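The values are calculated or read from the model by the stated rules, or taken from the named source; none is laboratory data. A quick note: this is a predicted structure, and the numbers were derived from the prediction, not measured. Please note: Cβ atoms are built from the backbone with ideal geometry, for glycine as well, and neighbour counts cover all protein chains shown. The protein model used for the area step is the full one, side chains on, heavy atoms only, and it has no ligands, DNA or RNA in it. Shrake-Rupley method; radii C 1.70, N 1.55, O 1.52, S 1.80 Å.
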Amino acid sequence: MIVPLLIAILSQTPAECGKTFQAGLADYQRKNFNQALITFREAAQCDPKLVQAHLAIANIYAERGNGGEALAALLHALQIDSRNALALRAASALYLNSGLHNKALPLLETLVAVTPNAADVHADLAAVHAASGDRRNAEKEFRRALDLQPGYFAALAGLGNLLARGGDDAGAMPLLRKAAELQPQAYEGHFLLGSALNRLGQFQEAQSELEQASKLGGDGEPQVFYQLARAWGGLGKAAERKAALAQFSELTKKEKDNAELGRRAAAWVDEARTFLQDGELTKAAEKLELAREAKPGDATLLFRLAGLHFDLHHYGLAREYVQAAISISPSTWLYHYLLGLVEKGSSRLDDARASLETAAKLQPTEAPVFNALGEVLTAQGQRAAAIAAFERAVKLAPNDPSFRENLDAAPKP
Amino acid sequence: MKAAFLLALAASAASGPYFVDEAVKAGLKDIFVCGDEHQKNYIVETLGTGVAFLDFDNDGLLDIFAVTASKLEGFAGDAAPVNHLYRNKGDRTFEDVSKKAGLDRAGWGQGVCAGDIDNDGFVDLYVTYWGNDVMYRNRGDGTFEDVTPPNIGNRWGTGCAFLDYDHDGRLDLIVANYVDFDLRSTPRPDGPKPCQWKSEKVMCGPQGLKPGLNRLWHNDSASGQIRFTDVSKAAGIEKPGPHYGLSVTTFDYDRDGWSDIYVAVDSQASLLYRNRHDGTFEETALETGVALSEDGREQAGMGTAVADYDGDGWPDLVKTNFVDDVPNLYRNNRDGTFSETTVHSGLARSSQFLGWGVGFVDYDNDGWPDIFMVNGHVYPGVQTGEYRQRRILYRNSGEGKFADVSTDAGPAVMERTSARGLAIGDYDNDGRPDLLISNMNEHLSLLHNSLAGGKSLTLKLIGRKSNRSAIGAVARVTVGKRVVTSEVRSGSTFMSQSDFRLQFGLGRQTQADAVEIQWPGGALQRLGMLSAGQIVTIEEGKGVTARVAYTK
């Protein structure tokens, strides 16, 4: 999505790092996303000021739905360039999607200063103000967005909803109707219009708008059915009202169950941590396994489980979990490092070397990675390469005696 | 008719200030404690405490009972704060009779509700605690005895209310329980796993903590022996499962003659228990439309109050909520459901208040119940919210709209405290409702009402076949072409108890043309004209047994 924008601004990047970045783009265009992530990370290591590499990483993670990793990359980009509009825009969107309005607010305020004529930014800022109860500023920003782009859907719908909630029906209804007309395929417009009509007691039209919202993708949103129940109730249709409430309850229950699962998973992780502190690794692994079942897509959990099984010398399980973590988050050097250690532990030296080399590419400043790589290369009889790896480890961590010992003990070529 | 009625009052309604805080002058100087003043490490430090207007000695003057909590670090020696009973001396001052009455108990008190549990004509008390709740029987000689059921259990009681849910003439008891709270396992803001609110470290809860279970106690007292039996399970009270229950309000929302129960719930859907007339209840809040916000969102329900605000004869409901939200005004649709009218009533204009005690109070005696709310944040240290907030007085226009008239009402209403409990009652018997407020770690506020509004009539109902407190009795007063309806209730607002007497604003009318009482159990009693300006005692089956003119 944002990659084409990045290509244009690579001229200031050192040639070698630029080449690496271009290679990442090529990987991306070939849809080899895992490799692209690794290459972009390499480029970022090559040129610490290369914001575009972090943006590209964020872009891939965002496309995969991995908001946590995307956000981490964007925040990294903002550390390099705090006024980078792309990063500000994407990071604030991620915060907004997670309901973290407080975190989004300063980013949006900066973004408004950077891009004062962007209607969507004013609309987003307005939405944050509205969510925190600051109606005055919300209205101001929505109106600014509409000044800049009179047909901007989010601003029309947002301002309409804001006015409707404040009891200003005369101001709200034209905006909400216009929003629903402008984007007839967006369920949100019909939903907000239907809700406002309910408030006005215009239940027949409300019911029609809400049915439309449900058909257009709102059927996963409990609130659509709650409003529909209100409309049916207003129309005196008890059976239909009951059915809509039942649907609302079912969807709400699903949401709650998911949230509860998340809470339980967090509790299991805490319990596992306690077991770990007490040295009860097997019990800790059992708790982490429960947490993993609850949150199967959580790479951090998979990594922790893998680490535990590695410590328990369960290399098969450790490999399975860390590979799963890598498939979710391929640009995390730590996962590749652990996989390297697992493969080394199970004497799969070629695989160990490949993983450790990837880890070293992603994070060229971690001494333990080079030390482990040196050990694998030694076992493979690659004496010169092993010494080079040990030397790198010692250079990165000159005060660590074990790295020095390994270097001193390494067979000379 | 309505417009003329209101226009006639407009001049007086706008001539503030008319609420003045007389607490200190009245001798109410004790500080009511709830945790640390500046830092709340645990949710138990945030709820504050309840207050009550009640006439414990039957001298016709409202006395005050106020609950205190404590501090987690405790107090040295006998310095621990205690609950206070203040006797009304009849000159707008009070004397502390807590010790003499046997009510000077320390502990982590929370709420209070009142009712005559043994029908001896003296009002008894129930005090909720984080710990063991306490039931007090009023001996009638100015002292109270502890008659707590032995199996009361160690819980975190919050709101409570007496009601006669099975029409046996004895008052039963509903108690909300908030959190099954364990101090040891709850994270602190300064600990390794703090909770956050708007990115600031705050105390944890209620979400993430184990919710409590509401309890229903059936009054099995006989032969002077007080006995209450826990019937929560059999009566269906437990069926919705654990909830973060706070305030309790009883009312007959479907006008079938049987008391129903509403529990405002924090961070979950609120509960409405419909009385099935067979000793059991069915939870109907979602179907009825009073469980959630008008968007279908769970809210942080705090205080509740009931009145017929639109004059259609059916009880409506108001509920306060957390900050960044608005209160709910639920209008009774007269078909067993409610519609939320918060926005169009004018109550959705401010979302910066964290509301607690709320009451319908016809402060100007125009015959339309107005709304009074007290507010205050739960996090004293945060940058993103005001811990001390002003109160709000909303005037009912009579046409479904409420206007914030707090500024006009006076500095006592605009004063910023972190308020919690609220009780309404006419403590000087001048025919104007006054307001009693508990504030976090401060003394009480006693807002005396001096507004020269409309005329009023006060009814004191005494049950004979029904419970003596007449809780659940509904009075309908005809004023010209209007019928004003009100119900006697225990508990309500926020963990507090208001005056049992029913005060009816008559506007410019000098009399109520007719009065009808529907006693619990369904018996109807009709009385003729009653003049304004007096407190009239009506006994079930007998009629008017006493009349006392208002004080000047």
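Computed values, structure above
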item: Hull shadow area, averaged, segment A:111-153 [alpha-carbon convex hull, nm²]; result: 2.6
item: Portion, in percent, of the accessible area of segment A:1-103 that falls on carbon or sulfur, probe 1.4 Å; result: 53
item: At R0 = 51 Å, FRET efficiency that the Cβ-Cβ distance of residue A:182 and residue B:523 yields, to 0.05; result: 0.25
item: Between segment B:447-469 and segment B:321-388, the Cα center-to-center distance that results, in Å; result: 24
item: Residues with amide H under 5 Å from that of residue B:202, placed H, sequence gap 5 or more; result: B:195, B:196, B:197
item: Relative contact order of segment A:65-177, defined on C-alpha pairs under 8 angstrom at six or more residues apart (%); result: 16
item: Probe 1.4 Å, all protein chains present, accessible-area order of A:237, B:29, largest first; result: B:29, A:237
item: Segment B:39-145: chymotrypsin sites (Phe, Trp or Tyr not before Pro) in DSSP coil with no more than 15 other Cβ atoms inside 10 Å; result: B:75
item: Per-residue HN-Hα couplings for segment A:352-369 [Karplus 6.51, -1.76, 1.60; θ = phi - 60°; Hz; x = Gly/Pro]; result: 4, 4, 4, 5, 5, 5, 5, 4, 5, 5, 5, 9, x, 10, 9, 4, x, 5
item: At 0.692 mPa s and 37 °C, Stokes diffusion of segment A:32-178 via Kirkwood alpha-carbon radius, µm² per second; result: 202
item: Computed log₁₀ I(q)/I(0) - Debye formula, equal Cα scatterers, no solvent, segment A:316-367, q 0.25, 0.30 Å⁻¹; result: -0.89, -1.16
item: Angstrom value of the Kirkwood radius, inverse mean 1/r, which spans all Cα pairs in segment B:1-157; result: 17.6
item: Summed side-chain charge close to residue B:176 - residues other than residue B:176 whose Cβ falls under 14 Å, Lys, Arg +1, Asp, Glu -1; result: -2
item: Residue list for segment A:228-245, given a label point 7 angstrom along the Cα-to-Cβ vector of residue B:277 and an amide N cut-off under 11 Å; result: none
item: Taking the convex hull of Cα positions in segment B:456-535, its mean projected area over all directions (nm²); result: 5.4
item: Nearest-0.05 FRET efficiency for residue B:552 and residue A:250, computed from C-beta distance (R0 60 Å); result: 0.45
item: Over 26 Å [Cα-Cα, segment B:334-457], rounded percent; result: 24
item: At 0.890 mPa s and 25 °C, Stokes diffusion of segment B:78-138 via Kirkwood alpha-carbon radius, µm² per second; result: 193
item: Cα-Cα separations in chain A greater than 36 Å, expressed as whole percent; result: 43
item: Rg [Å, one decimal], Dmax [Å, integer] - segment A:275-413, C-alpha atoms; result: 15.8, 51
item: Whole-number percent relative contact order across chain B, with pairs defined as alpha carbons under 8 Å at least 6 apart; result: 16
item: In the A-B interface, the accessible area buried, summed over both sides, Å² (probe 1.4 Å); result: 1900
item: Chain B, accessible surface, carbon-and-sulfur percent (1.4 angstrom probe); result: 49
item: Against the rule of thumb 2.2 N^0.38 Å, how large the Cα Rg of the protein assembly as shown comes out; result: 1.11
item: For segment A:240-246, 3J(HN,Hα) per residue [Karplus equation, 6.51 cos²θ - 1.76 cosθ + 1.60, θ = phi - 60°, Hz, x = Gly/Pro]; result: 5, 4, 4, 5, 5, 5, 5
item: Surface/4 estimate of mean projected area, convex hull on alpha-carbon atoms of segment A:1-103, nm²; result: 5.9
item: Pairwise FRET efficiency - residue A:79 versus residue B:190, Cβ, R0 = 35 Å, nearest 0.05; result: 0.80
item: Simple label model, 7 Å out from Cα along Cβ direction - residue B:222 to residue A:63, nm; result: 7.9
item: Å² of accessible area per residue within the protein assembly as shown, as computed with a 1.4 Å probe and no ligands counted; result: 39
item: All-pairs alpha carbon distance profile, chain B, 10 Å steps from 0, percent; result: 4, 20, 33, 28, 12, 2, 0
item: Fraction in percent of alpha-carbon pairs per bin - 10 Å, segment B:272-406; result: 12, 42, 32, 12, 2, 0
item: √(5λ) per eigenvalue of the Cα gyration tensor, segment B:256-340, largest first, Å; result: 21, 15, 11
item: Interface residues in segment A:75-106 - accessible area drops by 40 Å² or more relative to the isolated chain, probe 1.4 Å; result: A:102
item: Centre separation in Å (Cα based) which lies between segment B:163-181 and segment A:273-337; result: 50
item: 1.4 Å probe, heavy atoms, protein only - residues of segment B:284-318 losing at least 50 Å² accessible area vs chain alone; result: B:286, B:294, B:295
item: Residue-wise HN-Hα coupling along segment A:227-239, computed from phi with Karplus coefficients 6.51, -1.76, 1.60 (Hz; x: Gly, Pro); result: 5, 4, 4, 4, 5, 4, x, x, 8, x, 9, 5, 5
item: Solvent-free Debye scattering, log10 I(q)/I(0), computed from the Cα coordinates of segment A:282-331 at q = 0.21 Å⁻¹; result: -0.62
item: Separation in nanometres of the label points that stand 7 Å from Cα toward Cβ, at residue B:143 and residue A:346; result: 8.1
item: No Cys partner within the rule (Cβ under 4.7 Å), the protein assembly as shown; result: B:34
